[in-house]
Amino acid sequence: MDIIGRHNHYVNSVVFSPDSQLIASGSADHTVKLWDLNGRALQEFKHTDWVTSVAFSPDGKTIVSGSYDKTVKLWNLKGVLLQEYKHDKRTTSVVFSPDSQTIASRSVDNTIRLWDLEGVLLQEFKHKHWVNSVAFSPDGKTIASGSDDCTVKLLDLKGVLLQEFMHDDWVTSIAFSPDSQTIVNGSGDYTVKIWDLKGNQTQEYKHGDWVNSVAFSPDGQYIASGSDDETVILWKTPKYYRVQTMNTFLLGKIDNNTPTGRFFTNDLFDYNMPGLIASYLN
């Protein structure tokens with residue numbers, strides 16, 4: 001384990017550059033820091049309140065940061081502020097479009113805002129409550145957002161609502177499949193749900209508590225979900241893989257004949273090398 005650098009308060013966000021040569025970190029100490037892999041601090045960018053989110057543009061030329069100071073800031077890698085965008089309340093997350101030309105920001109003002117690189121507000125989408133997650137589809141044609149209003153909204157870049165999916169509790173996290181044809185989301189209703197772009201729910205998985213984060217594998221074959229039940233689970237119907245505390249994971253399958261798809265253990269493994277999990281995914 002290598003500690004490459006330190007902030008003076010909580011580190012809220014960290015991200016690699018697309019070429020894997022740089023790391024950007026955002027902190028409650030009001031700064032964004034840019035590091036090389038040897039731990040050398042290359043630049044420091046300033047906000048006036050906690051930095052909640054940082055992202056590299058896919059072309060690797062710029063960094064965007066969001067902050068509790070209600071701003072979204074666009075920087076080049078030399079630390080020069082290129083643009084500053086405003087929300088009405090705290091900014092909680094920022095993300096680039098796949099072509100690096102558009103920035104999406106979300107805020108506790110219940111909005112998602114799309115900006116171009118010249119500082120122009122392109123679109124504003126609204127939920128009825130806080131927006132917890134926003135994602136561009138890999139093909140750059142659509143945006144998905146999840147909110148405390150229990151909805152997932154699928155929109156095109158002009159702001160047209162294409163679909164709306166419902167949960168029974170907060171929607172906490174959203175991700176697109178690599179082919180842009182499927183959406184997965186996690187919720188406070190303990191579920192992971194999978195949808196097609198027409199609004200049809202194609203699968204549902206259960207945790208024992210709130211689901212806080214979901215992600216597709218790069219090949220689109222697996223979904224990972226993390227929960228307040230202290231587990232990370234990898235799903236692939238009809239089998240799934242659970243990573244538990246103490247580096248223990250269970251290999252099992254879903255019994256589709258039960259109402260809830262209960263989990264039955266086939267084998268129990270205890271390894272000190274979590275990377276070995278990948279060898280059991282085939």
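The values are calculated or read from the model by the stated rules, or taken from the named source; none is laboratory data. Predicted model only: the values in this text are computed from it and were never measured. Ideal geometry is used to build each Cβ from the backbone, glycine not excepted, and the neighbour counts take in all protein chains shown.
One table, with the values for the structure above:
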quantity: Matching residues, the range 207-233, being part of a strand (DSSP E or B) and over 18 Å from T182 (Cβ atoms); calculated: N212, G226, S227, V232
quantity: Selected residue (only one of V211, V192, V184 is modelled with pLDDT of 85 or more, β-branched (V, I, T), farther than 20 Å from S137 by Cβ and surrounded by 12 or more Cβ atoms within 10 Å (Cβ to Cβ)); calculated: V211
quantity: In the range 61-117, residue farthest from the chain's Cα centre (by Cα) [restricted to those that are hydrophobic (A, V, I, L, M, F, W, C), closer than 18 Å to E44 by Cβ and part of a loop (DSSP other than H, G, I, E, B)]; calculated: V80
quantity: Per-region count, the range 187-209, residues touching a Ser or Thr at 6+ places or on another chain (Cβ under 7 Å) and among the β-branched types (V, I, T); calculated: 2
quantity: Inter-residue pairs, beta-carbon under 9 Å, first acidic (D, E) and in the range 118-130, second surrounded by 14 or more Cβ atoms within 10 Å (Cβ to Cβ), 6+ apart; calculated: E118/Q83; E124/T111; E124/I112; E124/R113; E124/L114; E124/G159
quantity: Candidates K46, K73, K61 - the one that is within 29 Å of R6 (Cβ to Cβ) and surrounded by 21 or more Cβ atoms within 10 Å (Cβ to Cβ); calculated: K73
quantity: Scope the range 155-203; condition part of a strand (DSSP E or B), more than 21 Å from K128 (Cβ to Cβ), free of Cβ contacts under 8 Å to residues at least 24 places away in the same chain and not β-branched (V, I, T); matching residues; calculated: D196
quantity: Residue check for F45: of a type in the set (F, W, Y) and modelled with pLDDT under 95; calculated: yes
